[in-house]
Structures are given as structure tokens and as C-alpha cells.
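The structure appears right after this line, and notes come after that.
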Amino acid sequence: MSGIVVALIFGLIAFGFGSIPFGLIIASVMAHEDIRKLGSGNIGTTNVARNAGKAAGIFTLLCDAGKGIISVMLVRWFLSTQGFTPVITGNTSAEAELIISFVYACCVLGHIFSPWLHFHGGKGIAVGFGGGLAVNPLAALVALAVFITLAVPTKYVSLGSIGAAVAIPLFCLLFGMDPVATIPVFVVAIAVIWAHRENIKKLNAGNERKFSFGDKKKDK
């Protein structure tokens, strides 16, 4: 099977898996709420935790990160056990890395542009981190450190998220990932930053809401 066919098949699988709106489902089951009508209206961990409770937020985080990990590990398993014919780069190792990062990008983009939600969705941080652990663990852990460094002292989750999105493709390069294979990772970073465009406006205006797991106020 050619590398292009592998990338397209697993990319479609990853996009479909990534598009599952776990935050919406979990908030509905655990809190009997439509999370799209509460707070920021986002289906991600932060808004679910604020408006459906800590347990729902943690479960959303695990499910979103999990779909990133599973999508990438699935294509990794296939490439390592079934093999493929490199047709994009001509180099098996480099093309495998490119296919893996492409599938990673498809999963995150499926989450951000979910067809189940009229091509709206989450902001891609949890699924991006989960998938990132399977793509390049060191880069993902550094991105997590950046997130913690920015988000914990300021209590601005969006600030930490944007910092992490910028960090992961840069550290993929620094840790030796093939430059061509980092292109989908940079696309993910751009998509995540775009998804945070309203947060960026609020940060600039000084009215971004700070986060606390203890705050469950429903700011409709």
C-alpha cells in the first residue's frame, strides 16, 4: 500500500474520531446540560468543568486527549506491522513521520471543525496534547510545561493553551523531527491559535475570564 493511501485512510479515520464531541455528550449525561448554551459555549474541558462540574471536566479532558493518542497510535501500529511504499519523500522513515503527523493534524482538525456541530467544535488543546504525546513525547511534555508556566500563575487557560500550541511544533523541530513532517504540526498550531481568536481579543482587552475548577457559575 502506498504512503498516500495510508495517509488518506487513517487521516479520514482520525478526522472522524476527532470530531466526536465528547464534551457535549459528557455534559449532557453527567449534568443534563447543553454545554453549547453555557459559558463560552465551547465543548472543551475548561467550559465543561466550569459549567458541568469538575468530574465532567476531567472526563472530557481524558476522552479528548485519548482520541488524539488512539488516532496516532493506530497509524503507528499499522506502519510498523504492515509496511507501506514511500511515494511522497522516497524515504521510508521520513515518510512514516509525515504520515503520522498528518494523521495527528486530521484528528485535531476534526475536533475543531466537527461536522456533527456544523463544523464548530473545541479548541484543540486536549486532543492536540494527547496526539502530541504519540507523535513526539518530548515536544508534547515541553508544551505541557509551557502551558503550566503560563496558565497556573495567571489562571488564564487560554494564554497557556496558545503558548503550548506555539511550543509544540518548534520543539518537534528542535528534537529532531523531519522538517517536512513538522508542517502538519504547524498547521495544527495555527488552527488552535485561530480557535482562540476570541480569547486573544479578551486577553488584549483585559477582560478574559480566569479559571478555577471550583468555579461552577453558569454565565449564560
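The values are calculated or read from the model by the stated rules, or taken from the named source; none is laboratory data. Everything quoted here is computed from the prediction, not taken from an experiment. Note: ideal-geometry Cβ built from the backbone for every residue, glycine included; neighbour counts use all protein chains shown. The protein model used for the area step is the full one, side chains on, heavy atoms only, and it has no ligands, DNA or RNA in it. Shrake-Rupley method; radii C 1.70, N 1.55, O 1.52, S 1.80 Å.
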Those residues of the range 25-38 that are within 17 Å of GLY121 (Cα to Cα) and open to solvent by less than 40 Å² (accessible area, probe 1.4 Å) come to a total of 4
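For the range 39-55, which positions are in a helix (DSSP H, G or I) and surrounded by 23 or more Cβ atoms within 10 Å (Cβ to Cβ)?
Answer for the range 39-55, where residues must be in a helix (DSSP H, G or I) and surrounded by 23 or more Cβ atoms within 10 Å (Cβ to Cβ): THR45, THR46, ASN47, VAL48, ALA49, ARG50, ASN51, ALA52.
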Any residue at all in the range 129-141 that is modelled with pLDDT of 95 or more, out of contact with any Phe, Trp or Tyr (no Cβ under 8 Å at 6 or more places or on another chain) and of a type in the set (Val, Ile, Thr)?
-> no
Which of the residues belonging to the range 161-196 are among the hydrophobic types (A, V, I, L, M, F, W, C) and part of a loop (DSSP other than H, G, I, E, B)?
-> PHE175, MET177, VAL180, ALA181
Considering the range 75-93 alone, what residues qualify as being within 24 Å of the chain's Cα centre (by Cα), buried (at least 17 other Cβ atoms within 10 Å of the Cβ) and not β-branched (Val, Ile, Thr)?
-> ARG76, PHE78, LEU79
When the range 1-38 is examined, which residues are found to be modelled with pLDDT under 95, outside any helix (DSSP H, G or I) and under 30 Å from THR81 (Cβ atoms)?
-> MET1, SER2
The lone exception for ASN199 - which of (1) over 30 Å from ARG76 (Cα atoms); (2) of a type outside the set (Asp, Glu); (3) open to solvent by less than 40 Å² (accessible area, probe 1.4 Å); (4) more than 18 Å from the chain's Cα centre (by Cα) it fails | (4)
Identify, please: which residue in the range 114-153 is under 18 Å from THR60 (Cβ atoms) and either hydroxyl-bearing (Ser, Thr, Tyr) or not in a helix (DSSP H, G or I) (or both) and is, among those, most open to solvent (accessible area, probe 1.4 Å)?
-> HIS120
Hey, LEU61 at pLDDT 95 or above and crowded, with 16+ Cβ neighbours inside 10 Å or not = yes
Any idea which of (1) under 25 Å from MET1 (Cα atoms); (2) open to solvent by less than 20 Å² (accessible area, probe 1.4 Å) is the one GLU97 doesn't satisfy?
-> (2)
Matching entry among ILE20, ILE35, ILE43, ILE26 (being farther than 19 Å from ALA195 by Cβ and β-branched (Val, Ile, Thr)) = ILE26
Per-region count, the range 168-185, residues closer than 26 Å to SER40 by Cα and either surrounded by fewer than 22 Cβ atoms within 10 Å (Cβ to Cβ) or at pLDDT below 95 (or both) = 0
